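Inspection log for the structure reproduced underneath, given as structure tokens.
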Amino acid sequence: MMRAFLRCAAAGLALGASGLGVGAQTPTEINFGVISTEASMNQKKNWEPFLQEMSKATGFKVNGMYATDYAGVIEAMRFKKVQLAWFGNKSGMEAVDRANGEVFARVVARDGSVGYYSHIIVHKDSPFAKLEDILKCDKSLDFGIGDPNSTSGFLVPTAYIFAAHNIDPKTCFRTVRNANHQANAMAVANKQVAAATNNSEDLQRVAAAAPDARSQIKIIWTSPLIPLDPLVWRKDLDPAVKVKLYTFLMGYGRIGTDDETKAAKNILADLVWSPFHPSSDNQLLPIRLLEANKTLMKVQSDEKLSADEKASQIAAIRAEIAKIEATQKKADAGTLQQRVTAFLDADKAGNQEELKKMIAEFAAGTSSTH
């Protein structure tokens, strides 16, 4: 049933695209980038069933690309080595700004929530019970922080903790090591570091893959809600490919028989997700605001700047913040948000015919951005 839906969507595009003129050949292979939140062996175990389903449904050979760090996936997209990828919001922003990327979907948590949390974690037997306990900055503690392009492992704790308290982690802690979420969790569980960053999604993954280790971890700080991760493709991806991929991704776990949708949801659950939601670059606006405010705090506390230099930089950053806030306000009231709300209402009602129609309309819109 899902494949038949994809064939209809592709046929519809072929009719609508007849006036596009001569373009690049439609590829037969798609490389899907996966950011490094844990060891690639663990990621492949959970991702390959999903990528195989994508291959079967779209007719493309879909290859998983598992880089050793977030920058590897960003650069792979920049140099056209991957066509679409799962990013965090921070790395997704870098892909949009530097790699001709475009957000088109967002992941949704297994429980249906659309946000997650950054955490500071310590060993359960640690004397540290609250954030302030690790911020004495006497260089006696070893600290694990995330990849520099990680939203929850780096940007959020940097903005909400270190920049907010005017603390440089490198002068606060004895050592600061960058690692992926899984490595930081295991370092805390094995008492290799005193504290580390992590997030609510990856602690679920640790609980599933290494329950004994998870039982050794306690949380001492939780961030405000962070928007869940974007799926990003290259803007110049062939329109026919965009339609096929979009139709599969939005229909996966929604369109098909009860057995088909149940099987799809089980595969997504192994990624700690449920069916995807439509999205756009506007999803990144809260992260852009976070980055701007982090920069503002840094400038305000920079004693090396003259009064005039500081005033000039602060004025420019505040102007950028105002611009982001105005764009966010416009996006919140925009037609895309209204269409997404209608889509989610149809999904909640289980109206597959209406969902098929809406997915086709969303997909047709993606092809026009080529």
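When the C-alpha to C-alpha distance is required to be over 29 Å, the pairs from LYS56/LYS329; LYS44/LYS265; LYS81/LYS298; LYS235/LYS356 that qualify are LYS56/LYS329; LYS81/LYS298. Distance between the 7 Å Cα→Cβ label points at GLU361 and SER312: 5.0 nm. Judged by the mean number of other Cβ atoms found within 10 Å, the most tightly packed of the peptides 120-126, 152-158, 281-287 leads the ranking 152-158, 281-287, 120-126. Which whole-number value in Å³ per residue fits the convex hull of the alpha carbons of the range 169-262? Hull volume over Cα atoms, normalised by residue count, gives 174 Å³.
The accessible surface of the chain, taken with every protein chain in place and a 1.4 Å probe, is 52 percent carbon and sulfur. With the largest listed first and rounded to whole Å, the semi-axes of the equivalent ellipsoid of the range 218-342 from the Cα gyration tensor are 40, 19, 13.
Site pair ALA269 and ASP97 shows an inter-label distance of 3.9 nm when each label is modelled 7 Å from Cα along Cα→Cβ.
Counting every alpha-carbon pair across the range 236-298, the share separated by more than 17 Å comes to 61%.
Take every Cα pair under 8 Å whose residues are at least 6 apart in sequence, average their separation, divide by the length of the range 154-209, and the relative contact order is 27 percent.
Dividing the radius of gyration of the alpha carbons in the range 296-370 by their Kirkwood radius gives 1.33 for Rg/Rh. Applying both filters, DSSP loop and at most 15 other Cβ atoms within 10 Å, to the trypsin sites (Lys or Arg not before Pro) of the range 264-340 gives LYS304.
In the context of the full set of protein chains, the chain has a per residue accessible area of 46 Å² (1.4 Å probe).
With all protein chains in place and ligands, DNA and RNA left out, the 1.4 Å accessible area ranks VAL232, VAL114 as VAL114, VAL232, largest first.
Over the chain, what is the mean sequence separation of C-alpha contacts under 8 Å (at least six apart), divided by residue count, expressed as relative contact order in percent?
Value for the chain: 22 percent.
For a straight C-alpha distance cut-off of 14 angstrom, the aspartates and glutamates reachable from LYS242 (same-chain residues fewer than eight places away being disregarded) are GLU29, GLU102, GLU361. Rg and Dmax over the alpha-carbon atoms of the chain stand at 21.8, 68 Å.
Note down the relative contact order for the range 178-242 as a percent, whole number, built from C-alpha pairs under 8 angstrom at least six residues apart. Taking the mean separation of contacting Cα pairs over the length of the range 178-242, I get 26 percent.
Take each peptide in 266-275, 132-141, count the other Cβ atoms within 10 Å of every residue, and average; sorted highest first, the result is 266-275, 132-141.
Near THR341, once Lys and Arg are set to +1 and Asp and Glu to -1 for all other residues with Cβ below 12 Å from its Cβ, the sum equals -1.
Remark: the ARG174-LYS218 segment gains 13.7 nm on full extension, using 0.36 nm per residue and subtracting the alpha carbon distance.
The values are calculated or read from the model by the stated rules, or taken from the named source; none is laboratory data. This one's a predicted model, so the numbers in the text were calculated from it and none came from an experiment. Cβ: placed from backbone, ideal geometry, glycine included. Neighbour counts: every protein chain shown. Side chains are part of the model used for accessible areas, which takes the heavy atoms of the whole protein and leaves out ligands, DNA and RNA. Shrake-Rupley method; radii C 1.70, N 1.55, O 1.52, S 1.80 Å.
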